[in-house]
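To start, the structure itself, in structure tokens.
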Amino acid sequence: MKKNKSILAVCLSVLIACPVMAETYIVQSGDSLWKIAVKTKPQNVTVHQMIAAIHEINSSELGADIGNIMPGMELQIPTGDAALNANSKYATQLLDGTKSSGFLSTRNTRIDSIQKQISRIESEIDDTIEAMKTSQESFDLMALE
């Protein structure tokens with residue numbers, strides 16, 4: 001019995017010492033990294049620490065601009081020491097670097113992203129129309145021969 005208690009004590013100490021990503025959060029319409037941090041942060045963690053921790057774990061998906069959060073994204077949410085040890089100054093830098101002001105919704109960032117997509121699509125349409133005109137001209141010349 002004493003051996004089992006020792007094994008249990010070791011297992012518990014390992015679990016407590018290691019930060020665990022216990023949950024996944026699906027971004028909803030209107031969410032921002034600030035709102036997600038407020039919803040998911042442990043009691044002993046500041047919002048800035050939580051923002052930094054969430055961004056660090058999800059940086060490959062989010063990139064440098066925290067305004068890149070889009071509905072449907074699946075974010076890993078850090079818990080425990082990972083959030084508590086996060087650098088809140090890093091969160092301040094992230095927040096200062098966003099295109100939208102303060103902690104408001106990322107609406108302007110999403111609009112900019114949509115406008116870029118529309119411009120890219122318009123360019124692709126123009127290229128396609130030009131290619132079709134060229135093909136039509138070639139077809140017309142072959143039909144005359």
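Quick check on my filter: what residues within the stretch 56-81 are in a helix (DSSP H, G or I) and buried (at least 22 other Cβ atoms within 10 Å of the Cβ)? Hits for the stretch 56-81 are Ile66, Gly67.
Taking the criterion of being aliphatic (A, V, I, L, M) and closer than 22 Å to Ile114 by Cα, the residues of the stretch 37-76 that qualify are Leu62, Ala64, Ile66, Ile69, Met70, Met73, Leu75. For Leu104, the stated conditions hold: it is touching a Ser or Thr at 6+ places or on another chain (Cβ under 9 Å), at pLDDT below 85 and closer than 23 Å to Ile26 by Cβ. Scanning the stretch 54-87 for residues that are of a type in the set (Gly, Ala, Ser) and closer than 11 Å to Leu33 by Cα yields one hit, Gly67. Asn58 meets the stated requirement of being at negative phi and modelled with pLDDT of 85 or more. The residue of the stretch 107-125 that is surrounded by the fewest Cβ atoms within 10 Å (Cβ to Cβ), among those that are at pLDDT below 85 and among the acidic types (Asp, Glu), is Glu122. Screening Tyr25 with (1) at pLDDT 85 or above; (2) of a type in the set (Ser, Thr, Tyr); (3) part of a helix (DSSP H, G or I) gives one miss only, at (3).
The values are calculated or read from the model by the stated rules, or taken from the named source; none is laboratory data. Keep in mind that what you see is a predicted model, and the values were worked out from it rather than measured. All Cβ positions, glycine included, derive from the backbone under ideal geometry; neighbour counts span all protein chains shown.
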